[in-house]
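Data first, discussion second: the structure below is written as structure tokens.
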Amino acid sequence: MSAAVPSAVREIADGYAFTGPALDLGAVLLDGTAYTDAPVRVPLGVLNRHGLVAGATGTGKTKTLQLIAEQLSAQGVPVFLADIKGDVSGVAAPGTPGERTAARAAEVGQDWRAAGCPAEFYALGGQGTGIPLRATVTSFGPLLLAKVLDLNETQESSLGLVFHYADRRGLELYDLKDLTSVITFLTSPEGKEELKGIGGLSAATAGVILRSLTLLENEGAGAFFGEPEFDTAELLRRAEDGRGVVSVLELPAVQDRPRLFSTFLMWLLADLYQELPEVGDLDRPKLVFFFDEAHLLFKGASKAFLEAITQTVRLIRSKGVGIFFVTQTPKDVPGDVLAQLGNRVQHALRAFTPDDAKALKATVSTFPKSPAYDLGEVLTSLGTGEAVVTVLSEKGAPTPVAATRLRAPQSLMGPLDPAALRAAVDGSALVGRYREAIDRESAYEKLAARAARPEAEPAPVPAGEPERERESEGRREKEGTGLLGSLLANPALKSFARSAGTQLGREISRSLFGTSRRRR
């Protein structure tokens, strides 16, 4: 290292001198000067310890995601990115050389070469150019769906009862019309009679849920629920040359439904949690998942939902999955979740109002003490593409706080040409599997057929279910339900978990969110 490098910079650089594979973020920045002899890096093996990318609008968060994503891909690690603003698709194409890019590369000691990444493009329910992403209502589960519908705890519990009944009676819930038909049936005289042994569904509560479902359907969200259901294992793929595939979920078409897309992303994580085996700490993660606009996930969330998120973040690390939450300030993320985010990239914050000043003070308090910086001053003076960084070392200890001038992404910093995007989607091997929706016989058709019979008969109890199930409901409710029972006392999950042993219950297992394991 050059003798001209200040001692404070040397001390910071020593904290980032890792021996194993690592991602290069940029160069240490002190008093406006970037020191190319002092690189800021993050070990590949600690990226399953999760992270946070934060900062005010326009400070460069998206480019930071792109920088990290393309380096992960080059190291053979698959990546998932949610494209909120529609400008992340350029990760698939080589970047465009220019004076600004060349200047940034020179400032941070980067050998910049234009390069794109292998990518797949998805869209929720096909609302966009990408390959349609769908989930069945059963797979989504009552807790996540209650979050989408903005239900209170009583309504959430009643929705769980509906799922439980459908499980017991072999009424498959694939799409929203299936769920609507079951709720409508359960408020009929015949349906009320069948619910006597396990609780009731009030007409008022059913009306609220049905109105919320109708509103969701009218907004076009019904296309998100159905078949073929997306197999989250697709997110773990590598290209033939060994690079990790970058999965880009385009979301501009659903920006007016933030609760839906944030909850759908949580479903992806919940499904991954169920499907992946325990692997402990690897030399590199199996997948790094970027959760953009993270504040939308936590806003208005119930206590049970927040507990489930916290446990998912805590436990999915041992499955080899890293999660990066992307938002404006750390205070957007609950403290229990924030405490588990070991890697931090904090872009500039503004302090124009008293609330801004309070948020700045709170942000500074979440960083380790730094002898080299006045963080309050640094965070308000950072330029675009600069950030304060602290990550976990290879030994798991926090690195020194480093103001950093970040590298320039080597892929295209902007949206992919629409024609190129369409060609990439049409040429994907996944198109034939997911593009066309399927509508199999399920609850809607079964209940319609039942109503058409001259004298509707009660649905038979699925084969193998003890006749005395209703009498044993109270006893089973007191029994533990494994990890789920120990983590969540939510009544919606309790009632749904009791469906184990029934026609559908024998084929599925519940995760922290009450979501079901995909039936193979």
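The values are calculated or read from the model by the stated rules, or taken from the named source; none is laboratory data. Since this is a predicted model, take the numbers as computed values, not measurements. Don't worry about glycine lacking a Cβ; one is built from the backbone with ideal geometry, like all the others, and counts go over all protein chains shown. Note: accessible area is taken over every heavy atom of the protein model, side chains too, but ligands, DNA and RNA are not part of it. Shrake-Rupley method; radii C 1.70, N 1.55, O 1.52, S 1.80 Å.
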Taking H placed 1.01 Å from N in the peptide plane, check which residues at least 5 places from residue 76 or on another chain put their amide H under 5 Å from its amide H. 244
Over every pair of different alpha-carbon atoms in segment 140-204, take the mean of 1/r and invert it; report that Kirkwood radius in Å. 12.0
I'd like the distance between the alpha-carbon centres of segment 316-346 and segment 109-155, rounded to an integer number of Å. 18
Local charge sum around residue 362 (other residues, Cβ-Cβ under 15 Å, Lys/Arg +1, Asp/Glu -1)? +2
What percent of all Cα-Cα pairs in segment 19-89 falls into each 10 Å bin, going from 0 up to the bin containing the maximum distance? 16, 46, 33, 6
Output the relative contact order of the chain, whole-number percent, from Cα pairs under 8 angstrom with separation of 6+ residues. 29
With only Lys, Arg, Asp and Glu charged, each at its Cβ (+1 for the first two, -1 for the last two), find how big the charge dipole of the chain is about the Cα centre; round to the nearest 20 debye. 700
Give the value in nm², to one decimal: projected area of the alpha carbon convex hull of segment 6-47, averaged over all directions. 3.0
Quick one: which of 331/395; 196/299; 299/395; 303/395; 299/446; 85/395 span more than 32 angstrom between C-alpha atoms? 196/299; 299/395; 303/395; 299/446; 85/395
Of the accessible area of segment 51-209, with the probe set at 1.4 angstrom, what percent is carbon plus sulfur? 52
Output for segment 297-442 (equivalent-ellipsoid semi-axes, sqrt of 5λ from the C-alpha gyration tensor, Å, descending) is 35, 23, 17
Just the number, please: carbon plus sulfur as a percent of the accessible area of segment 235-353, 1.4 Å probe, no ligands or DNA/RNA counted. 49
How compact is segment 295-355 by the rule of thumb for globular proteins, expressed as Cα Rg over 2.2 N^0.38 Å? 1.25
Under a point-charge model restricted to the Cβ atoms of Lys and Arg (+1) and Asp and Glu (-1), what is the dipole moment magnitude of segment 44-101 relative to its Cα centre, in debye to the nearest 20? 180
Rounded to the nearest whole number, the per residue volume of the convex hull around the C-alpha atoms of segment 37-137 in Å³ is 161
Return the equivalent ellipsoid semi-axes of segment 352-402 as a descending list in whole Å, where each equals the square root of 5 times an eigenvalue of the C-alpha gyration tensor. 22, 13, 9
From zero up to wherever the largest Cα-Cα distance of segment 101-230 sits, split into 5 Å bins and tell me the percent of pairs in each. 2, 9, 17, 18, 14, 8, 6, 4, 4, 5, 4, 3, 2, 2, 1, 0
Say the dipole of the chain comes from +1 at the beta carbon of Lys and Arg and -1 at that of Asp and Glu; which of 421, 380, 341 then lies farthest toward its positive end? 341
For segment 16-132, what is the relative contact order in percent, using Cα pairs closer than 8 Å and at least 6 residues apart in sequence? 21
Can you tell me the Rg and Dmax of the chain, counting just the alpha carbons, in angstroms? 25.0, 93
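Just to confirm the filter: which GluC sites (Glu not before Pro) across segment 210-291 are DSSP coil and have at most 13 other Cβ within 10 angstrom of their Cβ?
Loop-located and lightly packed - 219, 240, 278.
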Run through every distinct alpha carbon pair of segment 99-173 and return the Kirkwood hydrodynamic radius in angstroms, one decimal place. 16.8
Could you state how much accessible area residue 364 has, in square angstrom rounded to the nearest 10, with a 1.4 Å probe and all protein chains kept in place? 40
Any residue on another chain or 5+ positions along whose placed amide H is under 5 Å from the amide H of residue 26 is listed here as 40, 407
Based on the alpha-carbon gyration tensor of segment 181-287, what equivalent-ellipsoid semi-axes (square roots of 5 times the eigenvalues) come out, in whole Å, largest first? 39, 19, 11
Taking 8 Å as the Cα distance limit and 6 or more residues as the minimum spacing, I'd like the relative contact order of segment 296-365 as a percentage. 30
Report the one residue of 136, 232, 213 whose Cα lies farthest in the direction of the positive end of the charge dipole of segment 134-271 (charges on C-beta: Lys and Arg +1, Asp and Glu -1; origin at the Cα centre). 213
